[in-house]
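Just below is one structure, and these are the notes that go with it.
Derivation of every value follows stated rules applied to the coordinates shown; laboratory data play no part. The structure presented is a predicted model; accordingly, all values stated were derived computationally and were not measured. When we count neighbours, we look across all protein chains shown, and the Cβ atoms used for this are built from the backbone with ideal geometry, even at glycine.
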C-alpha cells in the first residue's frame, strides 16, 4: 500500500463507506483466505479518500468539512456484485459497485476538496478490494471465487479512519448523510 509519510503532530487518515455485516466479515475472511497481508489491517470499505496526512491541529476543521459534505449528500443504496481487476496496472482484485456509483463519485469529489484537496494517482473507481499484494494465482482465485458475491445495503454515513502506529486502519468518527433526496 502506498502510504504518505507522517511526521510528529500529524495523523494519517482516510474516508470511506463501511461495508456492514454480514458482508464485512465475509469480505474480510475472503481477503485473508487469498493471503492478502492487509486483510486484518483494513476493514472492508469503499474508499472516498485514500491515505492522507493532516496536521493534528486541523482535526476540528477536518470534522467540520466532513460534516458539511455529508449534510449536503443524501443516503443512498449501494449494490456490490461480481469481481473485476485493475491488472495489469495494479495487482488488485475487487468486488464491483454496480449501484451507487454516481453517489460515490459525488461524495469522493466533495470529500477531496478544501483541506483534503489533492491530485489522484488514478481516476476514482469505487470498489471493495478483496485481494492486493498477492501473487497471480491468488488474484485469479479471488477473481473466480468472489464472482458470485452479491450484497445490497443502505449507505447513511461515511467514516473517518485513522491509521495507527500498529499499521491498522480504524474508524474513529461517523458522519451521517443528511442531504435531501434520501433513498434508504
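Structure data summary
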{"read-out": "Overall Cα dimensions of region 100-184, principal axis frame, Å, largest first", "value": "44, 34, 25"}
{"read-out": "Residue exposure sequence - 52, 25 - by fewest surrounding Cβ within 10 Å", "value": "25, 52"}
{"read-out": "Theoretical ellipticity at 222 nm over the chain - DSSP helices of four or more residues, -39500 (n - 2.57) apiece, nearest 500", "value": "-7500 deg cm²/dmol"}
{"read-out": "Rg to Rh quotient for the chain, alpha carbon positions, Kirkwood Rh", "value": "0.95"}
{"read-out": "Region 10-176: relative contact order as a whole-number percent, Cα under 8 Å and 6+ apart", "value": "33"}
